[in-house]
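> Quick one: the structure is below, questions incoming.
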Amino acid sequence: MDAARRSVLRALFINLILGLTCLAVAIRADHAMAGGIWFAASTIANLLRVYLCRAFCIGLDDDTPVESDKAATAIDRRLELMAFGAFLSGLVWACVPFLCAGYTTPQAIFYLVVTCGITAGAVSYGTSFARIPVFFITPPLVSVVGCLFVTGGFERECLAVTTLVYLVALMRTCFETEANFRRTSGLKNEANALAARMANRAICDGLTGLLNRAGFAEQAEATPAPCLMLLDLDGFKSVNDIYGHKTGDQVLAEVGRRLRAQVPACGHVGRLGGDEFAILYDPAVAGVPVRDLAKAIIAAVAEPFDRFDTDRVGISIGIHLGACDSLTEGLVRADEALYAAKSTGRNRYRIFDDELRNRLDMRRDAERDLPDALAEGAVEVWFQPIFRVREGNLAGLEALVRWRHPRHGWVPPPDIIAAAGVIGLSEALLRYILDSVYRMKLSLTERGATDIRIAMNVCPRELTQTPIEGLILDKLEAFGLPADWLEIELTEDTALDAAAVSDKLGALSRAGVSIAIDDFGVGYSSLSRIRQLRVNRVKIDRSLVTGLNEAGDKRGLVQAVIDLGKALSLEVVAEGVETETDLVALREMGCPFAQGYHLGRPMPAERVIESFALPLLKVA
């Protein structure tokens, strides 16, 4: 249809020029009246054809989606009307004999040449829809044939037959060129469709139909918006583990559908990978406040999914508001907010603020400055005492890494360990801590304190990515120390993947190193994992110990852990003892060990040595 429009409009210009020349010849031949009437009729037919070409057509001239059958019907009807318009114009040209007495006047040669030229031109331009040029050329050429036969004479009859052959040849050319046009157009459309599919695949996620990372970045660059949300599913791993990846893919596709339903039309939704999604939109343009959208998304994803338990899947959201130098920087900030949201539980959202900005700056500076700090000895290992609750004497020490950053002050130990992992210094940091712990043990041994156990925390990255068992056992041999004084503390989330670390922990346990689970009671440890990891000690999380007498449910949980320890021959340590009241309660419940600021704060190695001869702890 589009090609037919263009070809007709181009042909009409030639039609107008030749019509004017015919008018001029008619006037010169004293046929001004007939020439004027003929040209007026030709102009009316041409204007009708222009209107049919330029008039609105459903399915072609609007961006609104239209059913394909309806669009095809409208286009077919328009093509038929354009063919009818061509026929009317052809009828006008069939009246040319009235300007030259049936091709008998001296001007006949001119009119024959013009008729031949305009019909040939119509065929040349009309390659897309054969009926338009055929309907136009047939009347004038049939008119020529008729006039020639009526006039008679051998030469004229031969010319009439030649004109008929010419007409047939032109008709055949019209239909052949239309067939070729349709074939080449089909190939072109297939190529364009393939290119479109490939381009769409390059920027769209095949599973959810959302933008992929590249497509989202492209949209963010083309249409920047002040609100960037980073979303991560809660509990999705358990769906894959329990129900299989096929179900997991179905969940991702459904989450994508729910996100599209919630995000305003002016926004963009992308799947960055795995179960991580991103949203970019302008709250002012959309008329949807950020917090309202975050709550709506959380509620939508929390709706039950088919094939598994209600509330198994949730979503956490990190939000960055305002301009950024780049999408990457915006995602980093949104990720910081997402991490903060996840740390407070599932189905939460958090907006990036000054507190998170300071935390992000501190982590970046820590990653940049940690190598120099390790080389210069600015990273220290402090020790917090662990006491026997009943006797009140020192039972052990917990090694804690400390670093006072020149700009940010004291850097939290988890941030130090995380920074070391990011920049590839996990093993170097572990060696540094081991050296400090072994030197402390040697100092205690020299003073006769051979029964003091020292515990050190080991993060999941160190367990899985470093040969920790070899490092520890080699150090023990190098320092000439037994293994039973050393304790490795694992967080409960480390215990989740017991299979990945059991061989390493087994080697340490067989050598005599004790294994403890830190933050016990708030994570995922099971009795089977405790047995699999050869755990010797559990440390009750401080959230259960602090304010013990103020909450009956805490007291019951702590008592249950203490009784469990007795039943399984596990040592139990209560962390976070902040008051004398908490200490008394622990003693009444029979808790064997405790640590906390009420008993002793972390201190440098020199102060531990100096304070080792403190009197026994008095417990009321």
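The values are calculated or read from the model by the stated rules, or taken from the named source; none is laboratory data. No experiment lies behind these values; they were computed from the predicted model shown. Don't worry about glycine lacking a Cβ; one is built from the backbone with ideal geometry, like all the others, and counts go over all protein chains shown.
Matching residues to (1) over 56 Å from the mean Cα position of the chain (by Cα); (2) in a helix (DSSP H, G or I); (3) buried (at least 16 other Cβ atoms within 10 Å of the Cβ):
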residue: A120; (1), (2), (3): yes, yes, no
residue: V123; (1), (2), (3): no, yes, yes
residue: P133; (1), (2), (3): no, yes, yes
residue: V145; (1), (2), (3): yes, yes, yes
residue: E157; (1), (2), (3): yes, yes, no
residue: A160; (1), (2), (3): yes, yes, yes
residue: Y166; (1), (2), (3): yes, yes, yes
residue: R172; (1), (2), (3): no, yes, no
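> So in segment 107-118, with the set limited to residues that are in contact (Cβ under 8 Å) with a residue 24 or more places away in the chain and more than 60 Å from the chain's Cα centre (by Cα), which one is surrounded by the fewest Cβ atoms within 10 Å (Cβ to Cβ)?
Looking at residues that are in contact (Cβ under 8 Å) with a residue 24 or more places away in the chain and more than 60 Å from the chain's Cα centre (by Cα), I get G117.
> A follow-up question, please. Restricting the first residue to segment 468-485 and requiring it to be closer than 19 Å to A428 by Cβ, which pairs with a second residue that is among the basic types (K, R) and buried (at least 17 other Cβ atoms within 10 Å of the Cβ) meet a Cβ separation below 7 Å and a spacing of at least six or different chains?
Cβ pairs passing all conditions: I468/K504; E469/K504.
> Can you find a residue that is without any contact (Cβ under 8 Å) to a residue 40 or more places away in the chain, in contact with a Lys or Arg (Cβ under 6 Å, 6 or more places away or on another chain) and among the hydrophobic types (A, V, I, L, M, F, W, C) anywhere in segment 299-320?
No: zero hits.
> Scan segment 183-193 and give yes if some residue there is assigned by TED's automatic domain parsing to the domain that holds A284, in contact (Cβ under 8 Å) with a residue 40 or more places away in the chain, farther than 21 Å from F352 by Cβ and out of contact with any Lys or Arg (no Cβ under 6 Å at 6 or more places or on another chain), otherwise no.
no
> Kindly provide the set of residues from segment 436-455 that are assigned to a loop (DSSP other than H, G, I, E, B) and among the β-branched types (V, I, T), ordered by number.
T450, I452
> For L533, state whether it is modelled with pLDDT of 90 or more and out of contact with any Phe, Trp or Tyr (no Cβ under 8 Å at 6 or more places or on another chain).
So L533 fails the test.
> Run T43 past the list (1) surrounded by fewer than 20 Cβ atoms within 10 Å (Cβ to Cβ); (2) of a type outside the set (K, R); (3) within 30 Å of R156 (Cβ to Cβ) and report the number of the one that doesn't hold.
Every condition holds for T43 apart from (3).
> Out of K504, K566, K539, which single residue is modelled with pLDDT under 90 and of a type in the set (K, R)?
Every option except K504 fails the conditions.
> Any residue in segment 332-354 that is surrounded by fewer than 20 Cβ atoms within 10 Å (Cβ to Cβ) and farther than 30 Å from V251 by Cα?
yes
> Only one of A11, A3, A34, A74 is assigned to a helix (DSSP H, G or I), modelled with pLDDT of 90 or more and surrounded by 12 or more Cβ atoms within 10 Å (Cβ to Cβ). Can you tell me which?
Sole residue among the options that is assigned to a helix (DSSP H, G or I), modelled with pLDDT of 90 or more and surrounded by 12 or more Cβ atoms within 10 Å (Cβ to Cβ): A34.
> A further question on this structure: Within the set of pairs 6+ apart or on separate chains, which have a first residue in segment 590-602 that is assigned by TED's automatic domain parsing to the domain that holds A567, a second that is part of a loop (DSSP other than H, G, I, E, B) and of a type in the set (S, T, N, Q), and C-beta atoms under 6 Å apart?
The qualifying pairs are H598/T579.
> Sort through S42, S89, S68 and tell me the only one that's modelled with pLDDT under 90 and hydroxyl-bearing (S, T, Y).
S68
> Picking from R312, R258, R307, R213, which residue would you name as being at pLDDT below 90, more than 18 Å from G345 (Cβ to Cβ) and of a type in the set (K, R)?
Testing whether each residue is at pLDDT below 90, more than 18 Å from G345 (Cβ to Cβ) and of a type in the set (K, R) leaves just R307.
> For E176, all conditions in the list (1) farther than 30 Å from D30 by Cα; (2) surrounded by 14 or more Cβ atoms within 10 Å (Cβ to Cβ) hold save one; what is the number of the exception?
Answer for E176: the failing condition is (2).
> Specify the residue that is surrounded by the most Cβ atoms within 10 Å (Cβ to Cβ); the eligible residues are those in segment 456-488 that are part of a strand (DSSP E or B) and β-branched (V, I, T).
V458
> Also, I was wondering about something else. Taking segment 545-562 as the search range and keeping residues that are of a type in the set (A, V, I, L, M, F, W, C) and touching an Asp or Glu at 6+ places or on another chain (Cβ under 9 Å), which one is nearest to E487 (Cα to Cα)?
Looking at residues that are of a type in the set (A, V, I, L, M, F, W, C) and touching an Asp or Glu at 6+ places or on another chain (Cβ under 9 Å), I get V545.
> State all residues of segment 391-415 that are touching a helix residue (DSSP H, G or I) at 6+ places or on another chain (Cβ under 8 Å) and modelled with pLDDT under 90; if no residue qualifies, say none.
Hit for segment 391-415 is D415, nothing else.
> Which strands (runs of 3 or more DSSP E) sit wholly inside segment 337-425 and have at least 3 residues that are within 30 Å of R439 (Cβ to Cβ) and without any contact (Cβ under 8 Å) to a residue 60 or more places away in the chain?
Correct list: 394-405.
> Condition (residue is at pLDDT 90 or above, part of a helix (DSSP H, G or I), on the phi < 0 side of the Ramachandran plot and surrounded by fewer than 19 Cβ atoms within 10 Å (Cβ to Cβ)) applied to segment 511-518: is it met by at least one residue?
Yes, segment 511-518 contains at least one residue that is at pLDDT 90 or above, part of a helix (DSSP H, G or I), on the phi < 0 side of the Ramachandran plot and surrounded by fewer than 19 Cβ atoms within 10 Å (Cβ to Cβ).
> With the checklist (1) within 60 Å of the chain's Cα centre (by Cα); (2) under 21 Å from R156 (Cβ atoms); (3) surrounded by fewer than 18 Cβ atoms within 10 Å (Cβ to Cβ) in hand, flag the one item L81 doesn't pass.
Only one criterion is unmet by L81, namely (2).
> Condition first: surrounded by 15 or more Cβ atoms within 10 Å (Cβ to Cβ) and either touching a Phe, Trp or Tyr at 6+ places or on another chain (Cβ under 9 Å) or part of a helix (DSSP H, G or I) (or both). Now tell me which residues in segment 563-574 satisfy that.
L564, G565, E571, V572, V573, A574
> Let me ask something additional. Which residues, taken from segment 261-275, are of a type in the set (D, E, K, R) and closer than 17 Å to I203 by Cβ?
Across segment 261-275, the qualifying residue is only R271.
> While we're here: Taking the stated definitions as given, is S436 touching a residue at least 60 places away in the same chain (Cβ under 8 Å) and within 21 Å of L486 (Cβ to Cβ)?
Spelling it out, S436 is indeed touching a residue at least 60 places away in the same chain (Cβ under 8 Å) and within 21 Å of L486 (Cβ to Cβ).
> I've got another one for you. Of the residues T223, T247, which is loosely packed, with under 14 Cβ neighbours inside 10 Å and β-branched (V, I, T)?
Result: T223 is the single residue among T223, T247 that is loosely packed, with under 14 Cβ neighbours inside 10 Å and β-branched (V, I, T).
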